[in-house]
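Enquirer: Below you'll find the structure I mean.
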Amino acid sequence: MRTIRSNFYQNDDSSCSFTSSVPQRSGCVSENLTESVIDMRLGQLASRSNAKSVKSDSETEGFLDISQAFSDFSACSSDISGELQRLATLPSLENALVNESGNGAVCEPEPCQGFLQRENFSTEIIESISPEDLQPTVKICIDGLQSPSIAVKRSAAAKLRLLAKNRVDNRELIGESGAIPALTSLLRNTDPWTQEHAVTALLNLSLFEANKDRIINAGAIKSLVYVLKTGTETSKQNAACALLSLALIEENKASIGACGAIPPLVSLLINGSNRGKKDALTTLYKLCSARQNKERAVSAGAVRPLVGMVGEQGTGMEEKAMVVLSSLAGIEEGREAIVEEGGIAALVEAIEDGSTKGKEFAVLTLLQVCADSIRNRGLLVREGGIPPLVALSQTGSAKAKHKVILVDV
């Protein structure tokens, strides 16, 4: 193991196993949000976006590799990892209504208690609703979002979240029925569970293409950014993924950045759980295809934690961090920040000790950092980069060998 001469940013990892959704294009049939489906869609979309922006054949190949690096990245469903079991442990609606009344009297319960008060929420319950009962059920939930009772709002948002989890026709019906503005207003609710259900419901609804515009028109971007700043760990993760879903529409990227999403995403990258860090990385990668968002990310201090992640071998995030660094290296400010934060030393170590893909990404990023800078090429030499580059040119993969040749030192 090579000793790096730069001091890397260190951060504590908070614990949370809750996973989040990433977007896919909706079809005309029901579809389960499996990891393979979502990962395939993300890889296709990212590859398509990057393929249009590169300047040379070698750069095109490199950025396609970067896009594919996210193919095993984000889990797809917002209700994986024990979340349904956790929902079952929350206080019952009846007890919550008693507590809200303040004097022991039970407030008027919400309608359709049989559906809304089931202890074990699952996809099976949702799938058991017949098509003719679906619209009345959605209306009951939407009416519940308008209730003065926090418990009723919370329960209604939770049911809409589940209704929108797997079925495309449900997402379409809920969006057409007017639920999105009411859910958007709950993003600023002071009850953390209500906020969490609302943001996850919007995430699931955003997977239906027509709902993206409805969410934007409801003014949800600023409220999603608010959740990124103030929500629970789970809420922050799902807010990040909801923004990622909206960012699949090119014109939304600038709006999301202008509404202040980049700094709290960087904060999630620094302080979040492993799941949160991965969601922040994915969303930053997508947003930073827009130049202004690259500048915002650099200004928000994204480079320091990214360089730190590159140096943390074995975490499963070093390759993804290099992917985002490669994106930020596309602007002068990004290249300067990478050098200032010790990125050259970290990338040299990745060439020595990283995975096959990691070595390729490290060379690609060094190529961008050093291509037009004699000073940076000198730093690469001083950091001991020549021996591992020579070794890689002899024993590395065909792609790595080709990229090494382009690093003119």
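Enquirer: I'm checking my understanding of the structure. Among residues of the stretch 153-190 that are open to solvent by 30 Å² or more (accessible area, probe 1.4 Å) and within 21 Å of Gly231 (Cβ to Cβ), which one is nearest to the chain's Cα centre (by Cα)?
Expert: Arg188
Enquirer: Could you pull out the residue among Lys253, Lys236, Lys229, Lys222 that is farther than 22 Å from Asp191 by Cα, among the charged types (D, E, K, R) and in a helix (DSSP H, G or I)?
Expert: Going through Lys253, Lys236, Lys229, Lys222 in turn, the sole match is Lys253.
Enquirer: How many residues does the stretch 304-317 contain that are open to solvent by 30 Å² or more (accessible area, probe 1.4 Å) and within 18 Å of the chain's Cα centre (by Cα)?
Expert: Total satisfying the criteria: 2.
Enquirer: Is it true that Ile150 is at pLDDT 90 or above, crowded, with 17+ Cβ neighbours inside 10 Å, out of contact with any Phe, Trp or Tyr (no Cβ under 7 Å at 6 or more places or on another chain) and more than 19 Å from Ala218 (Cβ to Cβ)?
Expert: yes
Enquirer: Determine whether the stretch 286-303 contains at least one residue that is open to solvent by 10 Å² or more (accessible area, probe 1.4 Å), within 12 Å of the chain's Cα centre (by Cα) and either more than 25 Å from Asp353 (Cβ to Cβ) or modelled with pLDDT under 95 (or both).
Expert: Yes; the residues of the stretch 286-303 include at least one that is open to solvent by 10 Å² or more (accessible area, probe 1.4 Å), within 12 Å of the chain's Cα centre (by Cα) and either more than 25 Å from Asp353 (Cβ to Cβ) or modelled with pLDDT under 95 (or both).
Enquirer: Okay, next question. In the stretch 348-372, what residues are surrounded by fewer than 20 Cβ atoms within 10 Å (Cβ to Cβ), within 24 Å of the chain's Cα centre (by Cα) and among the polar types (S, T, N, Q)?
Expert: Once the filter is applied, which keeps residues that are surrounded by fewer than 20 Cβ atoms within 10 Å (Cβ to Cβ), within 24 Å of the chain's Cα centre (by Cα) and among the polar types (S, T, N, Q), the stretch 348-372 yields only Ser355.
Enquirer: Against the definition (on the phi < 0 side of the Ramachandran plot and open to solvent by 20 Å² or more (accessible area, probe 1.4 Å)), how does Asn252 come out, yes or no? It would help to see each step written out before you state the result.
Expert: Values: on the phi < 0 side of the Ramachandran plot: yes; open to solvent by 20 Å² or more (accessible area, probe 1.4 Å): no.
No, not satisfied.
Enquirer: Condition first: hydroxyl-bearing (Ser, Thr, Tyr) and either part of a helix (DSSP H, G or I) or surrounded by fewer than 18 Cβ atoms within 10 Å (Cβ to Cβ) (or both). Now tell me which residues in the stretch 200-219 satisfy that.
Expert: Thr200
Enquirer: Next up: Quickly run through the stretch 224-234 and pick out the residues that are among the polar types (S, T, N, Q) and buried (at least 24 other Cβ atoms within 10 Å of the Cβ). First the steps, then the outcome.
Expert: Quick first cut of the stretch 224-234, residues among the polar types (S, T, N, Q) only: 230, 232, 234.
Selection gives Thr234 alone.
Enquirer: Would you kindly identify the helices (runs of 4 or more DSSP H) lying entirely within the stretch 281-390 that contain at least 2 residues that are under 20 Å from Ser267 (Cα atoms)?
Expert: Result: 291-299, 303-310, 318-328, 332-340.
Enquirer: Moving on. For the list (1) free of Cβ contacts under 8 Å to residues at least 40 places away in the same chain; (2) out of contact with any Pro (no Cβ under 6 Å at 6 or more places or on another chain); (3) on the phi < 0 side of the Ramachandran plot, I need the number of the one condition that Gly260 fails.
Expert: (3)
Enquirer: Anything in the stretch 271-293 that is over 14 Å from Gly316 (Cα atoms) and charged (D, E, K, R)? List them, or say none.
Expert: Across the stretch 271-293, the qualifying residues are Lys286, Arg291.
Enquirer: All but one of (1) surrounded by fewer than 24 Cβ atoms within 10 Å (Cβ to Cβ); (2) closer than 30 Å to Asn252 by Cα hold for Arg382; state the number of the condition that does not hold.
Expert: Result: Arg382 fails condition (2) only.
The values are calculated or read from the model by the stated rules, or taken from the named source; none is laboratory data. This one's a predicted model, so the numbers in the text were calculated from it and none came from an experiment. Every residue, glycine among them, receives a Cβ derived from its backbone with ideal geometry; neighbour counts consider all protein chains shown. Calculation scope for accessible area: heavy atoms of the full protein, side chains included, ligands and nucleic acids excluded. Shrake-Rupley method; radii C 1.70, N 1.55, O 1.52, S 1.80 Å.
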